[in-house]
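Reviewing the structure listed below.
The values are calculated or read from the model by the stated rules, or taken from the named source; none is laboratory data. Worth saying up front: this structure is predicted, and the values here are computed from it rather than measured. Positions of Cβ are backbone-derived with ideal geometry, glycine not excepted, and every protein chain shown enters the neighbour counts.
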Amino acid sequence: MKVEQVDEHDTVFDRHDPTFRVFVYEGTTNAVTVHAITDCSVEQALEAAEMLSRRNELLWSLAVVLEAQGPGLNWISGTDYRDRPGRNASRWRLRRQMQDRYLSARSMRGEPLLLPDGLRRIRMFPEWTGGLSLWESFSDHYPCEPGELPIPQELEQRLIEWNLEWESYGLDAERPESWTDRGWTLYERLQLALAGCAEVSPDFDQRTRIGPVS
């Protein structure tokens, strides 16, 4: 997130009639239903999205419609879940936002922590506690321990070394691009190893936007 002060006079118009669109995804194929919402605030649109998703029983995302260059969308919460983010860190964060509210609701209902396609969601990011750098949010065993997931021991060791390297840079130091690049290489190997078992969320990349969407 970036915050900067701007001139209050640097806009040429304002409007009070936004059109929102709520995308609700259902089933293993993420079949989507789109709803147009008008005559409301963004807070009301967010509440409508929760209602349409049956209080997060389904995945959902919210966008505002842009008309300047023909109808387009600016995502407010989440994104198009059918699009894989590739190495685009910011889109992964939007995807994780959708998954977090969905999995949190399942946890509160006492349901298995599975995405609509039946996969677990494993997050990958370093932490000072060391270990594999793998985590399963909303579960009773938040950190994933060595041997818990069906991944090769050699890959587990690479993940542990990658986390130790992160720790070696110190608390406030910026991590070099090479460390992040190694993270993406490890992520791709990990996702391949966990195919059919889990979707891996690459939460280690704090850059705003990198790489094309694929």
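The sole residue among E199, E188, E154 that is crowded, with 16+ Cβ neighbours inside 10 Å and either touching a Cys at 6+ places or on another chain (Cβ under 9 Å) or modelled with pLDDT of 95 or more (or both) is E199. Counting only strands (runs of 3 or more DSSP E) wholly contained in region 1-114, the ones carrying 1 or more residues that are in contact with a Ser or Thr (Cβ under 8 Å, 6 or more places away or on another chain) and touching a residue at least 60 places away in the same chain (Cβ under 8 Å) occupy 20-26. Scanning region 37-83 for residues that are surrounded by 14 or more Cβ atoms within 10 Å (Cβ to Cβ), more than 25 Å from E111 (Cα to Cα) and among the charged types (D, E, K, R) yields a total of 0. The residue of region 1-30 that is surrounded by the fewest Cβ atoms within 10 Å (Cβ to Cβ), among those that are hydrophobic (A, V, I, L, M, F, W, C) and touching a strand residue (DSSP E or B) at 6+ places or on another chain (Cβ under 7 Å), is V24. Within region 107-127, if we keep just the residues that are of a type in the set (D, E, K, R) and crowded, with 17+ Cβ neighbours inside 10 Å, the residue that is farthest from R55 (Cα to Cα) turns out to be R123. In region 186-204, the qualifying residues are those that are part of a strand (DSSP E or B) and of a type in the set (A, V, I, L, M, F, W, C), and the one that is nearest to P116 (Cα to Cα) is A198.
The selection criterion, being surrounded by 15 or more Cβ atoms within 10 Å (Cβ to Cβ), in contact with an Asp or Glu (Cβ under 8 Å, 6 or more places away or on another chain) and of a type in the set (G, A, S), holds for S133.
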